[in-house]
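K.L.:
Below you'll find the structure I mean.
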Amino acid sequence: MTFQAPPPTHNVPTIWRSKSVLVMTKRAPLPERCVKCNAPARQTLKRNLRWHHPALYLVIFGGVLLYFILSLVLNKSATIHVGLCETHVAARRRDILITSVLVLLSFGSFFLAATAEDMTFLFVGLFVLLGATIYGIVMTRVVAPQRIDDHYVWVTGIDAEYLKQFPEWLAAR
């Protein structure tokens with residue numbers, strides 16, 4: 001195994017674009033612009049990203065516990081700070097509120113199922129809880145890692161106009 005030194009950080013860009021993906025060094029500061037619409041950012045969110053190779057999902061067939069252990073050991077992580085404008089901050093808050101209300105409704109349905117001894121409320125509660133989980137994951141996610149290695153982070157979910165301010169990523173890096 002050969003040692004690969006991290007890239008130099010003086011007088012060279014630390015953020016690039018590759019089609020619709022933002023490529024950055026792990027410690028690169030992002031501009032104070034909204035990553036969703038490129039408007040001036042009013043808030044910065046700290047995102048702790050984790051990634052492992054997608055082939056690791058095949059281990060689930062061997063057992064969920066084995067997958068869980070291997071994913072903890074083999075994952076790569078990065079912390080980035082992304083900007084959001086007032087509009088996207090408000091939309092994210094709204095989606096978090098909707099998710100929370102749906103979870104509370106599912107718990108209420110579970111309570112009704114237990115007190116009324118009616119299995120219909122149990123199934124309604126499970127359906128609402130599943131819907132809340134999916135809605136929360138999809139709607140509140142700001143950015144997602146496409147790949148992480150020892151030096152770089154590839155991030156999806158970034159506005160095309162935001163990406164245009166960065167030079168094109170050359171795969172030979």
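The values are calculated or read from the model by the stated rules, or taken from the named source; none is laboratory data. In this text the structure is predicted, and so the values were computed from the model without any measurement. Positions of Cβ are generated from backbone atoms using ideal geometry, with glycine treated the same way; all protein chains shown enter the neighbour counts. To get the accessible areas, we keep the full protein, side chains included, count just its heavy atoms, and leave off ligands, DNA and RNA. Shrake-Rupley method; radii C 1.70, N 1.55, O 1.52, S 1.80 Å.
K.L.:
Can you tell me how many residues within the range 62-78 are touching a residue at least 24 places away in the same chain (Cβ under 8 Å) and open to solvent by 60 Å² or more (accessible area, probe 1.4 Å)?
P.N.:
Matching residues across the range 62-78 total 1.
K.L.:
Given the options 59, 82, name the one that is part of a strand (DSSP E or B), open to solvent by less than 60 Å² (accessible area, probe 1.4 Å) and over 30 Å from residue 125 (Cα atoms).
P.N.:
Of 59, 82, the one residue that is part of a strand (DSSP E or B), open to solvent by less than 60 Å² (accessible area, probe 1.4 Å) and over 30 Å from residue 125 (Cα atoms) is 82.
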